[in-house]
């Protein structure tokens, strides 16, 4: 009786894990892939960034906006690594070739928090051809 109960609960556990895997959304799968790339490349997950520290992060550009200032434009890219988003701001730029939604980037710079959002101004960056390659 104990073995039968264990077999049935083991099957139920396997079935629930399989159905959970099937019901994951596309965004959950993308987040997991981005997090795996972060780990594989040895960069810092955005959720672990520390204010005023230098860091390297990788992620996909979700959006790019131009925020006109009085005298200096600011190009803002929102980068997502599967754990959290980071704002990357290039001051004095209206556009940067290749920085468009969907682009995969590695950025390096000093982190600051603006309104609770990690931000890097004028980072060194590398456009990657595909996730983690």
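The values are calculated or read from the model by the stated rules, or taken from the named source; none is laboratory data. Please read these numbers as outputs of a predicted model, since none were measured by experiment. Neighbour counts are summed over all protein chains in view; Cβ atoms, including those assigned to glycine, are modelled from backbone coordinates with ideal geometry.
Observations on the model:
- The set of residues from segment 63-94 being closer than 19 Å to residue 129 by Cα and surrounded by fewer than 14 Cβ atoms within 10 Å (Cβ to Cβ) comprises just one member, 63.
- Residue within segment 84-100 that is within 25 Å of residue 40 (Cα to Cα) and over 16 Å from the mean Cα position of the chain (by Cα) present: yes
- Residues of segment 43-55 that are touching a strand residue (DSSP E or B) at 6+ places or on another chain (Cβ under 6 Å) and either crowded, with 16+ Cβ neighbours inside 10 Å or modelled with pLDDT under 95 (or both): 43, 44, 46, 49, 55.
- Of all residues in segment 82-102, those satisfying the criterion of being assigned to a loop (DSSP other than H, G, I, E, B) and in contact (Cβ under 8 Å) with a residue 40 or more places away in the chain are 82, 83, 101, 102.
- Qualifying residue in segment 103-119 (condition: under 16 Å from the mean Cα position of the chain (by Cα) and in a loop (DSSP other than H, G, I, E, B)): yes
- Filter pass, residue 24 being at pLDDT below 75, assigned to a loop (DSSP other than H, G, I, E, B) and over 16 Å from residue 125 (Cα atoms): yes
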